[in-house]
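**Q** Pasting a structure below so you can have a look.
The numbers here are math on the coordinates, done by the rules we state, and not lab data. All figures in this text were calculated on a predicted structure; none of them were measured in a lab. So basically every Cβ, Gly included, is an ideal-geometry build from the backbone, and we count neighbours across all protein chains shown.
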Amino acid sequence: MNQKSLRASVALGALVLCGLLFLPHCTYSENAPFQLNLNKLYGKNNMVDVAVIGSGPAGSAAALYAAQDNLHVIVFEGMEPGGLLTKTSYVENYPGAGKILGPDLVQKIKEDAQRSGAIYVPDYVSAVDLSQWPFVISLDDGTTINALSLILATGAVPYKLKVPGEEEFWGSGVSSCAVCDGRFFEDLDVVVVGGGDSACEEAMQLARAKVRTVTILVRGVKMRASDAMQERLKGYPTIHVRYNVEVKEIIGADSQVREVKLFNNKDNSYELMPTRGVFLAIGHQPNTQLIKGQITLDEKGYVITKGRSQHTSVPGVYACGDVEDSVYRQAIVAAGSGARAGLDVRAWLTDGGFTPQIAAQFEAFYYAKNNEAKSQIASIDTESFASQVLQATTPVIVDFYGPNCPTCDQQAIILTALASQYADKVRIVKVDISASSELAQKWKINKIPTVLVFNKGSLVARYSTLASKNDIQEVIATIIS
Ligand code: NDP
């Protein structure tokens, strides 16, 4: 009997017993006695006791709790290590943390999880198969992981407006991350679309990045943002708010936004408003692509968890954080749900008979890649660029990054992994554009991260969005073949 049918029988048995005995509070618990079919683990490689997908507060809190039970916990960091909190400025409502920058808070929770024993890897999960146990997780480099349990903490991504011009100017005037891109709009007029707390956060971030003016475009008659957040806006004289306006088109030329076409839904008029940047803050969509069709979702696409637990519709699979929470969407709530997922998974494995003694038998077969080695990427500046890059005899990959740029952190993780893989063949260096603005100008860096690949002093490839492991591996292959 496989695990699913065994569990179904246990569930049915429990329900029948409840019915026969008429016990008022007797419900089938996910933690009711059952036995995992541990025989299925023999012969498997790349085993993981608890695979966590996502590394925001939810994923890291889940990893922290699961690893405390000496389980082998791997956190797949995903496309945006640290999640959305890395894009916020100060967080002032995480109990015990005081006033802290979002990226710092995420880092602290990650370090706690690592101290607990969790291992963070920069690999991308490209597919998950929950129809068999152990669950099969495929990575983008072709590796297959056999996971005894899975915690989904994949968060949610910002919605787009879906208006003409949005895709065309994405990355060159349209953005959903003021922390990442605000610095490119110094002394320019920009707009923020949305009326929630995120819109306020984005606007304040842009004002601090010294844009000339920020106009928040709200489609309704009032903002949805909290009173406290709206009060904070008053401390920024360059921020203005306009109501009853909807963006219908983003217009520009030469890779530059020039204006937005606005519809005034009060008097049905249109106008063209000059602007150089459009920052979107109109809510989020849960990241459920990996498990769509395999797990029960609600009508908005969020994962449904059972009662006061983080169990999903598939035994052994848990969800926590914004991927299952469309209501609170707070770091502390995400971390709390992560803690529950960690505890739930511990109970599920233990109840299923997965003891430390059994785990010890599989020690040699665990996926234990640890990419936490310190960055081997050297920093270079304007003076050393010629000797280190242009006159180099081996290929050189240059990572242009800046402070407070979460995507840059992700790029660094990818490049660090590649640095060890190609240690003898390719050199990888990085340039902080905030300290080397002349270099950034010379090489036309108007977005970070940007990765340039040089061979024998010539530029052979440019990536102005996040360069994946595959992208870089492909270009290296053509150079060194
Ligand atoms: P919200 O869902 O709260 O707000 C989205 C906003 O975008 C609404 O004003 C909505 O308008 C508007 N909107 C949606 N679609 C469009 C569109 N097509 N055109 C124009 N406007 C549109 O999302 P947030 O990301 O702001 O916040 C999510 C959650 O995270 C909230 O609970 C918030 O409190 C929390 N948060 C907390 C922060 C903090 O405490 N530091 C920071 C950021 C977020 P309408 O109102 O008309 O529907």
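**Q** Taking R0 as 35 Å, what's the FRET efficiency between Asp129 and Thr394 from their Cβ-Cβ distance, rounded to 0.05?
**A** E(calc), rounded to 0.05, equals 0.30.
**Q** What FRET efficiency would be calculated for the residue pair Glu299, Thr382, taking the C-beta separation as r and a Förster radius of 45 Å, to the nearest 0.05?
**A** For Glu299 and Thr382, the calculated efficiency is 0.25.
**Q** Fewest Cβ neighbours within 10 Å first, please rank Leu150, Leu105 accordingly.
**A** Leu105, Leu150
**Q** What angle, in degrees between 0 and 90 and rounded to the nearest 10, separates the Cα long axis of helix 57-67 from the longest principal axis of the Cα atoms of the chain?
**A** Helix 57-67 and the main axis of the chain meet at about 30 degrees.
**Q** Among 39-46, 54-61, how do they line up from the highest to the lowest mean number of other beta-carbon atoms within 10 Å?
**A** The peptides rank, most packed first, as 54-61, 39-46.
**Q** Extending each Cα 7 Å along its Cβ direction at Lys210 and Lys456, get the distance between those two points in nm, one decimal.
**A** 4.3
**Q** Exposure proxy check: Arg340, Arg212 ranked by fewest other beta carbons within 10 Å?
**A** Final ranking by Cβ density, sparse to dense: Arg212, Arg340.
**Q** With a point put 7 Å past each Cα toward its Cβ, work out how far Thr350 is from Thr478 in nm, to one decimal.
**A** Roughly 5.5 nm, to one decimal.
**Q** Hey, another quick one. Mind sorting His284, His311 by how few other Cβ atoms lie within 10 Å of their own Cβ, fewest first?
**A** Ordered by Cβ neighbours within 10 Å, fewest first: His284, His311.
**Q** Once both labels are modelled 7 Å past Cα along the beta-carbon direction, what's the Asp187-Glu363 spacing in nm?
**A** Distance between the two pseudo-spin positions: 6.4 nm.
**Q** In degrees from 0 to 90, rounded to the nearest 10, what is the angle of the helix 3-21 Cα long axis to the longest principal axis of the chain?
**A** Rounded to the nearest ten degrees, it is 60.
**Q** In addition: If packing is taken as the mean number of other Cβ atoms within 10 Å per residue, what is the order of 419-432, 349-362, highest first?
**A** 419-432, 349-362
**Q** On alpha carbon coordinates alone, what is the Rg over Rh value for the chain, Rh being the Kirkwood radius?
**A** Computed over Cα atoms, the ratio is 1.01.
**Q** Shifting gears a bit: What angle do you read, to the nearest 10 degrees and between 0 and 90, between the alpha-carbon axis of helix 469-480 and the longest principal axis of the chain?
**A** Once rounded, one gets 70 degrees.
**Q** Can you tell me how much longer the chain between Ser468 and Ala423 gets when fully stretched, taken as 0.36 nm per residue apart minus their C-alpha distance, in nm with one decimal?
**A** Working it through step by step, the gained length comes to 14.4 nm.
**Q** Residue separation times 0.36 nm, minus the C-alpha to C-alpha distance between Ile100 and Glu168: what's the value?
**A** Using 0.36 nm per residue and subtracting the Cα-Cα distance, I get 20.9 nm.
**Q** Of the listed peptides 234-241, 68-75, what is their order by residue-averaged count of other C-beta atoms within 10 Å, with the highest listed first?
**A** Order by mean packing, descending: 68-75, 234-241.
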